[in-house]
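These notes are about the structure you will find just below.
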Amino acid sequence: MALVPFPGPSSGARRIPPDDELDDDESGAKMSFLEHLDELRKRIINSCIAIGIGFALSFVFVDRVFNFIFEPTRKVLPPGVTLAYTRPSEAFSLYIQVALIAGILIAAPVVMYQVWLFIAPGLYSKEKRFAIPFVLLTTGGFFLGAAFNHYFAFPSMMWFFASFNSASLQFIPKVEDTFDLYLTMILWMGVVFQMPTIVFFLAKMRLVTARFLWKQVRYAILLTFIVAAVITPTGDMMTQTIFAAPMVGLYVLSIFIACVVGPKRLRGEADELA
């Protein structure tokens with residue numbers, strides 16, 4: 001243990017702590033560019049393995065998954081009308097896509113954990129303890145978005161499109177076009193439902209407060225409808241409203257999350273929101 005002179009009114013010595021007592025953020029060596037690429041490669045490989053296992057499991061039950069996905073569409077079809085495909089290989093390729101998407105959902109916790117492991121080296125020690133909340137919140141948010149899309153958003157949109165069926169205009173949707181629309185909506189809904197998770201971590205890092213979010217609520221609602229218009233897969237107001245409504249609700253929820261998880265000295269700002 002080294003002793004060095006300590007300047008001051010009285011003579012003495014100051015202890016220099018050994019390397020293992022230093023904060024790991026100060027003593028840890030920085031990764032080089034090639035090391036970052038190697039780390040990224042490892043995380044991608046692990047994620048692909050998890051998705052491959054999920055794909056194999058999903059393909060065993062692909063008929064059930066297929067029926068589950070297209071059940072909302074079947075309910076709004078006119079009597080005697082079924083989903084149709086026009087290319088010989090269309091049904092087979094669709095089964096592969098369905099199994100792949102289901103496999104990604106199954107592997108989502110593993111994939112999100114790999115994402116966390118990739119970004120963790122750049123975080124401080126106190127931030128690294130959020131690994132489990134990160135995995136749970138991001139995965140849970142995506143599943144909630146997928147459930148909202150399957151049970152409300154997509155059925156409502158298909159009901160709207162099927163309402164134009166008439167004696168002179170029959171609604172016979174192609175199975176591939178229907179699945180592409182379903183997939184687009186489920187991905188965007190999964191992203192939209194990450195809003196509370198993003199606010200949770202921003203509030204923890206003291207980058208946003210409940211007071212700030214509340215003051216911006218009018219601009220947030222306007223921005224919500226602008227974003228909904230951009231990401232809406234169709235150009236109708238019905239679908240835009242379906243996307244915008246949960247975004248507004250999630251923004252309000254995010255304000256309460258910022259109140260709860262924000263630093264104690266900032267939580268008093270919640271009294272001003274009443």
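What does the extension gain come out to for M205 and L40, with contour length at 0.36 nm per residue minus their alpha carbon separation? Before the final figure, lay out the partial values.
Values: separation 165, 0.36 × 165 = 59.40 nm, distance 2.50 nm.
Between M205 and L40, full extension yields 56.9 nm more.
With the full set of protein chains in place, find how many percent of the accessible area of segment 67-126 is carbon and sulfur; take the probe as 1.4 Å. Walk me through the numbers before you get to the answer.
On the way: 2380 of 3410 Å².
So the carbon and sulfur contribution to the accessible surface is 70 percent.
Excluding ligands and nucleic acids, what accessible area in Å² is computed for L144 using a 1.4 Å probe, to the nearest 10?
110
Taking a 21 Å limit on the Cα-Cα distance, which of the listed pairs K42/K204; K128/K204; K42/K128 fall beyond it?
Values: K42/K204 29 Å; K128/K204 12 Å; K42/K128 19 Å.
Those over the limit are K42/K204.
Just to verify a number: what accessible area does S58 come out at with the full protein assembly present, 1.4 Å probe, Å² rounded to tens?
10
For T178, T209, give me the order by solvent-accessible area with a 1.4 Å probe, most accessible first, ignoring ligands, DNA and RNA. Display every interim value, and only then the final one.
Details: T178 10, T209 30 Å².
The ordering from most to least exposed comes out as T209, T178.
Per residue, how much accessible surface does segment 111-151 expose to a 1.4 Å probe? Answer in Å², no decimals.
Numbers: 2310 Å² over 41 residues.
Solvent-accessible surface per residue comes out at 56 Å².
Through the Karplus equation 6.51 cos²θ - 1.76 cosθ + 1.60, θ set to phi - 60°, convert the phi angles of segment 79-92 into ³J(HN,Hα) values in whole Hz; use x for Gly and Pro.
Per residue, the Karplus-derived 3J(HN,Hα) values read x, x, 9, 10, 5, 10, 10, 10, 9, x, 8, 5, 5, 5 Hz.
The values are calculated or read from the model by the stated rules, or taken from the named source; none is laboratory data. Values in this document were obtained by computation on a predicted structure and should not be read as measured data. For the accessible areas, the whole protein counts, side chains as well, though only heavy atoms, and no ligand, DNA or RNA atoms are used. Shrake-Rupley method; radii C 1.70, N 1.55, O 1.52, S 1.80 Å.
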